[in-house]
1. What do you get for the angle between helix 170-182 and the principal long axis of the chain? Use alpha-carbon atoms, 0 to 90 degrees, nearest ten.
2. Hey, can you find the accessible area per residue of the chain for me, probe 1.4 Å, expressed in square angstrom?
3. With labels modelled as points extended 7 Å from the Cα through the Cβ direction, what inter-label distance (nm, one decimal) is found for D292 paired with A261?
4. For the chain, which whole percent of the accessible surface, found with a 1.4 angstrom probe, sits on carbon and sulfur atoms?
5. Quote the FRET efficiency, to the nearest 0.05, computed for A142 versus D366 with a Förster distance R0 of 51 Å and r equal to the Cβ-Cβ distance.
6. Say R0 is 30 Å: what FRET efficiency, to the nearest 0.05, do L333 and D230 get from their beta-carbon distance?
7. Go ahead and run the numbers for FRET between L205 and R373, Cβ-Cβ distance against an R0 of 51 Å, rounding to 0.05.
8. Label L405 and D439 with points 7 Å out from Cα along Cα→Cβ: what is the distance between them in nm?
Amino acid sequence: MTMTEKQPRWLPDISQRPGPRYRAIAAALRDDIDSGALPIGAKLPTHRDLAWRLGVTVGTVTRAYAEAERGGLIGGEVGRGTFVRDPRPAEVPGDDSGIIDLSVNALTQHPNEDRLRQALASLAERNDLSGLMQYPPVNGSARHRQAAALWIEQTTGLTVDPSRVLPTAGGQNAMHLALAAITRPGDSLLVEQLSYPAVKPLAGLLDLRLVPVAMDGEGLLPDALEQAADAHGAHALYCMPRLHNPTTVTQGAERRRAVMAACRRAGIRVVEDDVYGFLADGPDLPPLAALDPERVLFLTSLSKNLMPGLRTGFLLCPPPLIDRVRTLLRATLLGVNPLGAELAAEFILSGAALESATQRRTLVADRQAQARRLLPGATSDPACPHLWLSLPEPWRREDFARALLSRGVRVTPADAFAVARGDTPHAVRVCIGGVERTDLLDQGLRTVAALLAEPAAMGESFV
C-alpha cells in the first residue's frame, strides 16, 4: 500500500479483533506499522474520515489514536495531521552497519575499561564475595548509601544525609520509584513541553496523564507551571533543570527559585532529574532539592559517566517519602543488585568516578567545540553531550531525519520528546558523545551541515 500525505487511505479490518473497538484500531495500527503496510512518515486519515469509513464514533478513533500516540507509534501536528513515527526508541542503538549514530545520548566507553578491570580485580581479592550475592537490604548497605551521598555532593555541592538516599537500578528505576511515590493512577503529571522520552512509557505504566508546560530559553516558565497545575489539578512535576534533554538549557538561579516558589504555591512535588549534572563545570547552581528538600525527589545515575550496564542510580528522598519509596523498591526489585552497587561504591569512594567525570567534561567540551564549528546555528552548551538543531524552512523534522539517514547519519527528531500535539518545533537532537572515533563524528557532523546547506535538497520531500 502506498501512503502519501495527499492520500491517507488506511482502512484496517477490525471485524475479527477482540475487545473494545478503540483498542482494536490501535492494535491494527501497530500491526500495519510492524508489517510495513504503514511506512514511517505515512499520514493517517482524520478522526472523522476513519470513523465514517469504519462505522464507529469519532470519539472511538480519538481514543485509538491517543493509545497509539502514548505508545510512540504516531504523532500529530496541528494543521498538518497525524503521521507514523519511527518506532525505534530514541535512546537505543540499533544494528546499523555503516550508520553514524548521532541519536544515542551515551558517552564513549574506552576511557573506563581500565577502571572497570581495576575495580573487578579489587573485588576478586575480597573475602566476603558470597555476602554480595545474598538478598540485599532494600535500602542498600551503609557503604552504598555513603557512596551515593558522596556522589551527589561531588556533582551538586549538596551535602545530604546518607539515610535519605536509596540506590536504584539506574536512573530509569529511580524515575519509576519517584513518580510512583508522589502520584496515583489517573493523576496528571506536569512535564516540560519537550521532555526525556522515557517519561512517556512510565506515565502509561502508572496511568498518568502528561501535561506539557511551556518553556523558554531558561527552561520551565513559572507562570505556565502554576496555570497548568491549576487547570489540570496536577500536584507532581518531572523536570531536568540542568543540561536539559533535548534542548541543552540550564535554568539559572533566579529561575530555579521562581519555579520552586510556584511549586510551593500550587502544592507540587518535584522529581528533579540530574543525570547529566556531573558534566557541569562545578556545582555553581543549587539543585532544586537544595531549595526545598521537603518537596523535591532528586535522581541521578552513573550510566552516563561510567557505563550504562552498571545499572546504578541514586534517589534522594524527602524524609516523609522514604518509607513509601522503600516499599515500592521492595515490591518491584526486593533490592538493587549488591554486586553492581558495590562496584559503583568502589568507583565513587576510590575517586575513580570523579576522575572519570573530569575526563568526560574534557571530552564533551572538545566535541562541543568541534560541533559548533560545523553547526554554528545549533543551540548548545559546552558541558552538554548533545546539540539542539532548529531547522530552516522548508525542512520539517521527520523529513530532515529521513533524508539524513539516507546519507548514513541518524539523529532524533523533536517528535520523540514532545508530550502533546501542537507546538512541536521543527528541530532535531544531535548527540556527540557516543561515537568512539572523532573522525566519524566529524564525518557525521559535516553530513548534517552539508544537508542544511543544500537548498535543492531542502525541497526533496515536498515535491
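1. Helix 170-182 sits at roughly 80 degrees to that axis.
2. 43 Å²
3. 1.2 nm
4. 53 percent
5. On the way: r = 39 Å, r/R0 = 0.76.
After rounding to 0.05, the efficiency reads 0.85.
6. It comes to 0.25.
7. 0.75
8. 2.8 nm
The values are calculated or read from the model by the stated rules, or taken from the named source; none is laboratory data. Because the structure is a prediction, the values reported are computed rather than measured. Backbone-built Cβ (ideal geometry, glycine too); neighbour counts: all protein chains shown. Calculation scope for accessible area: heavy atoms of the full protein, side chains included, ligands and nucleic acids excluded. Shrake-Rupley method; radii C 1.70, N 1.55, O 1.52, S 1.80 Å.
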